[in-house]
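Notes follow once the structure below has been shown.
The values are calculated or read from the model by the stated rules, or taken from the named source; none is laboratory data. Predicted, not measured: the structure shown is a model, and the values here were computed from it. Here the Cβ positions follow ideal geometry from the backbone for every residue, glycine too, while neighbour counts run over all protein chains shown. Note: areas computed on protein heavy atoms with side chains; ligands, DNA, RNA excluded. Shrake-Rupley method; radii C 1.70, N 1.55, O 1.52, S 1.80 Å.
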Amino acid sequence: MLIKRSPNGIDLPFPSEITPRAVFENRRAFIRQVAAGSIAGGALLEMLSREAFAQGVNPKLAAKRNAALSAQDKPTAYHDATHYNNFYEFGTDKSDPAENAGTLRPRPWTVSIEGEVKKPLTLDLDGLLKLAPLEERVYRLRCVEGWSMVIPWVGYSLSELIKRVEPTGNAKYVEFISLADRKQMPGVSSRVLDWPYTEGLRLDEANHPLTLLTLGMYGEVLPNQNGAPVRVVVPWKYGFKSAKSIVKIRFTRDMPRTSWNRSAPSEYGFYSNVNPEVDHPRWSQATERRIGEDSFLSRKRKTLMFNGYDVASLYTGMDLKKNF
Amino acid sequence: MTPTPKQLTAIKAAVFVLALVPLARLVWLTLAGALVEPLQFITRSTGDWTLYFLCITLAVTPLRRLAKWNWVLKLRRMLGLYAFFYALLHFMTFLWFDHFFDVAEMLKDVAKRPFILVGFIAFVLLIPLAVTSTNAMVRRLGGKRWLWLHRLVYIVAPLGVLHFWWMKAAKHDLAQPLLFVAIVALLLGMRVWWAREKQANPTAQDRGQTRRV
């Protein structure tokens, strides 16, 4: 457990930081097992470190770390990653999703994959979980608002899914459509955005091995506020490009009209690659602050081109100032 | 209702302490580690409280006229200074958290981004008001000139609201800015109304300007 130490040396635990009873009890049972000699030493270390990490209450999701595609940065504390979220379907404040997303029912859930594909498909959650081996990938996440996190996601490359549906030659883009259910999502009643939330990628971006179809984080299924039960994660783009709680994936001929682009085209382009040289009209993108890590006393850290990911080849010959 | 001098002193002390509660709250929450992103929280809440205090300060004259509470005028200077105090904290968070005291970088940012520029102008315009808030300065400037100078607040409040509006605009989250627009429009609108009334009927009783404290 990461303990925040206040400058005056007094630690004040918050209810949310207290280990849930179930986790605590699991741990006891686990220690007894270890004492009985039923678990080998190597596995012990692995599990202890994972347990130290994941303090959520969600079911575990076993996945092997894909080291080749993982950042070396220190992961953000679980509590921070689950209590500082943009998910306007649950409200516009960063603390709203954690407070309001309890009404979302991530099961049963189906995702329909349609459009310019030879084999359209409707998958339920178990179908999605079984489609390809789950991997853990530690990715940097950069929000367009100038903050960043590092999150160990669980999922597999979106290309695994794309391959199954066999896009036709007409498919140039992939559109992601999120759930917009007033009953489960209080924010959908407000007109902050046109619902349902819609995002999109060019087919080659969607097929890039880094683009992750994501079903979990921190070794557990996704918490509701982080886009349960299924979302995408595109680590070289600003966070809003990664649609949450997806119900439909459509392959299209034309560039999809995305929610943020529709609402403010001059501020949110279709590509929205992390780019320190292209400022947002209302704030600089040159620097960022890593949540939970960078304090008052530090200068903001420099933002890396494409968030530090080697994807420049996707955009050769393109003017990224125009195609922001 | 007019409080006795003793009661007025108590009211003043209570307002003074109450006005520090937002600051105490953010210091407490920050030190306790209760906030995931304290820097954003501090920036937001100091900005919010600047606007609240600007509105409260602007409400003094209408309140005095409508409720005939002449004594509220005695609170106005303190309320105005609190508006400046929170604006200063807000500006300091910008200079510190965003630019780490790099003034050249900060000025570049101010020049490049209209919503920051607007907020910055509003802050700069508040400085002469804060500086001339003492009795000695009122005497030095002379009542009339002092009064004219302090009408700058009629520009500062709309600029502050515009700054907030602009910040929220692209997120299509205008419920709060709209509320501020309505409040400031009402508070300033009443003044315009009274000024026109006075112009139309100069002999009418002038309750707004005859007594100053």
What are the ³J(HN,Hα) values, in whole Hz, obtained from phi via the Karplus relation 6.51 cos²θ - 1.76 cosθ + 1.60 with θ = phi - 60°, for each residue of segment A:91-99 in sequence order, with x given for Gly and Pro?
-> x, 8, 7, 4, 8, 4, x, 4, 6
In peptide A:280-290, what is the residue-averaged number of other protein chain Cβ atoms found within 10 Å of each Cβ?
-> 4
Would you check the accessible area of A:S295, probe 1.4 Å, heavy atoms only, in square angstrom rounded to 10?
-> 50 Å²
Using only Cα atoms, tell me the angle between helix B:114-131 and the longest principal axis of chain B; keep it within 0 to 90° and round to the nearest 10.
-> 50 degrees
Shielding by partners for A:79-89, please: the mean number of other protein chain Cβ atoms within 10 Å of each residue's Cβ.
-> 2
Going by average Cβ neighbours within 10 Å, how do the peptides B:85-91, B:182-188 rank, with the highest at the top?
-> B:85-91, B:182-188
With a 1.4 Å probe and ligands and nucleic acids left out, the total accessible area lost when B pairs with A, in Å² to the nearest 100, equals 2700 Å²
Shape box of segment B:5-211 [Cα atoms, principal axes, largest first, Å] = 57, 39, 37
Show me B:66-75, A:267-276, A:177-186 ranked by packing, highest mean number of other Cβ atoms within 10 Å first.
-> A:267-276, A:177-186, B:66-75
Could you state the number of Å between the C-alpha centres of segment A:278-324 and segment A:114-180?
-> 23 Å
Here the residues of segment A:76-92 lying in the modelled label zone of A:V57, meaning backbone nitrogen under 19 Å from a point 7 Å along Cα-to-Cβ, are A:78-85
Please calculate how many Å² of accessible area segment B:5-211 carries per residue, with a 1.4 Å probe and no DNA, RNA or ligand atoms counted.
-> 55 Å²
Calculate, axis by axis, the spread of Cα positions in segment A:58-315 along the three principal axes, and write the results as whole Å, longest axis first.
-> 54, 41, 38
Going by accessible area, probe 1.4 Å, with all protein chains left in place, what is the ranking of B:T134, A:T82, largest first?
-> B:T134, A:T82
For A:K248, enumerate residues with amide H under 5 Å from its amide H, sequence gap 5+ or separate chain, H modeled in the peptide plane.
-> A:S112, A:I177
Across peptide B:31-44, what mean number of C-beta atoms from other chains lies inside 10 Å of a residue's C-beta?
-> 6
Which entries in the list A:K172/A:K241; A:K64/A:K244; A:K248/B:K168 go over 19 Å, if you measure between the two C-alpha atoms of each?
-> A:K64/A:K244; A:K248/B:K168
In Å, the C-alpha Rg and Dmax of the protein assembly as shown are 27.8, 99
Quick one: accessible area per residue over segment A:189-246, 1.4 Å probe, rounded to a whole number of Å²?
-> 20 Å²
Take the solvent-accessible surface of the protein heavy atoms, probe 1.4 Å, and return the percent of it on the protein assembly as shown that carbon and sulfur atoms account for.
-> 62 percent
